[in-house]
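In what follows, a structure is listed as structure tokens, so that the remarks can point back to it.
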Amino acid sequence: MSCQSFKKLTGFGRPFVTLCNGGSCCGGNVWLTSIRKVTTPADGGFMPSKVAVVTKTTRYEFEQQRYRYAGLSEEDLKQLLALKGSSYSGLLERHNIHTSNVGHIVDNLQKEGIEVRVVKRGEYDKKIVQWADAIISAGGDGTMLLVASKVCDKNKPVLGVNTDPERSEGHLCLPVRYTHAFSEALQKLRSGDFRWQWRQRIRLHLEGTGINPMPVDLHEQQLSLEQHSQAHRITTQTDNCINDGNLGPRLLPVRGLNEVFIGESLSSRGKCLPLNPHLTLSLHRASYYEISIDNGPWEKQKSSGLSICTGTGSKAWSYNINKLAEQAVEDVLKIGRAKTGLDIPLCDDFIRSVTEEYNEHLVFNPEDSKLFFSIREPIVNRVFSSSRQRGFASRVCVRSRCWDACMVVDGGTSFEFNDGAIATISLNEADQLRTVVLAD
């Protein structure tokens, strides 16, 4: 049977799936359709009077900061970078490109009579957010995630501009041509030639015993595992509100635009004395927790951690956790062919088409009011189960049974999440992020 004939027979191209409710299937059948792009037309033009431009820390600046306190000269820095296989001139070139593009953004804003404040990532705080009518993220997706995390007012617009398109993907930023034509973007904002997109964001409540609602900011602190754990211990010791007897839910001070990841942060360490008394082995420690989906029953699980994402985040880490490779699809089709006796085609085009179709449906609209959870590498035996390894939900509750775990929001803000802590992950209309969609 040809690839084309098999596609027609199976309806492939509009994949046929069975609707499931929880762990059981309901028997109804539906066709999945393409992703719906929902945006809201702008009601007139928009031109803020005060704009904060939050800029990323370039790799060149980061390396300078690392060695600043050692009193190293610029020549020393060149040599150290060369030893690591990095190019000093290359880093400086990318830094200059970023700086030039930030200057282009600022110049065009000021030409429109807009008051501008340029702040580095480490200087960005709630006072800046309150001051600005709109905030521009000047960097890549990482900078955009940081900017969004501190904006709690759903009516405050956030725009992302990719200041180094050759080295940064910029999924969350304006189309790359506006990097060098920012005046055109401002003209479209003024005339109303754009659309608003209200991206869903995750809110988190933390409750239980011994909780620490104080975040550790990972964006500027490229921490080692040991430093990360120490940072949490210091925060725990210095915060006076952690064990105040109030075990009720606390709304955490950040919102997740992409995802929340929960899992053990450190590998367990133990000396292998029979072999070598000075040898330390790093052993993987599985994450132990209980999970409840949409107020369903609690289920004990052990895994490599779990991810809960929004539609925005469905293109990011969640996608890479769940996507299939063509090799895996080919192996499954071979088994199906052998088990059923059907002449299932195994040509490259068909395998590629099946793979792409499956992976495309892991992505959903940023405005959809639903979460997608993924259990990474679940351990399944007579004690621990995983009835649903992934799926959609409106509310996910997790009770920690971990010893040294963290709950990390958008890869940049970390909360301690150890035995006795309970996290409730949900969506709320008030947390939506107001972003701009411009034509490419």
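The values are calculated or read from the model by the stated rules, or taken from the named source; none is laboratory data. Remember, predicted model here, so these are calculated numbers, not experimental data. Positions of Cβ are backbone-derived with ideal geometry, glycine not excepted, and every protein chain shown enters the neighbour counts. Remember, those area values only see protein heavy atoms, side chains included, never the ligands or the DNA or RNA. Shrake-Rupley method; radii C 1.70, N 1.55, O 1.52, S 1.80 Å.
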Which of the peptides 102-115, 366-379 is most tightly packed, and how do the rest follow, going by the mean number of other Cβ atoms within 10 Å of each residue? 366-379, 102-115
Residue 209 accessible area, 1.4 Å probe, all protein chains in place, Å² to nearest 10: 80 Å²
In nm, to one decimal, how far is the residue 331 label point from the residue 294 one, both placed 7 Å along Cα→Cβ? 3.2 nm
Here are some pairs, 302/339; 50/315; 300/370; which of them have Cα atoms lying more than 27 Å apart in this structure? 302/339; 50/315
Need one number for the range 50-193: average projected area of the convex hull over its C-alpha atoms, nm². 9.6 nm²
Heavy atoms of residue 407: accessible area, 1.4 Å probe, square angstrom to 10: 0 Å²
Quotient of Cα radius of gyration and Kirkwood radius for the range 368-434, i.e. Rg/Rh, equals 0.99
In nm, give the distance between the simple-model label positions of residue 193 and residue 403, each being 7 Å from the Cα along the Cα-to-Cβ direction. 6.2 nm
Which value in nm describes the separation of the simple spin-label points at residue 389 and residue 338, placed 7 Å from the Cα toward the beta carbon? 1.9 nm
Mind jotting down the distance between the C-alpha centroids of the range 391-424 and the range 340-372, whole Å? 30 Å
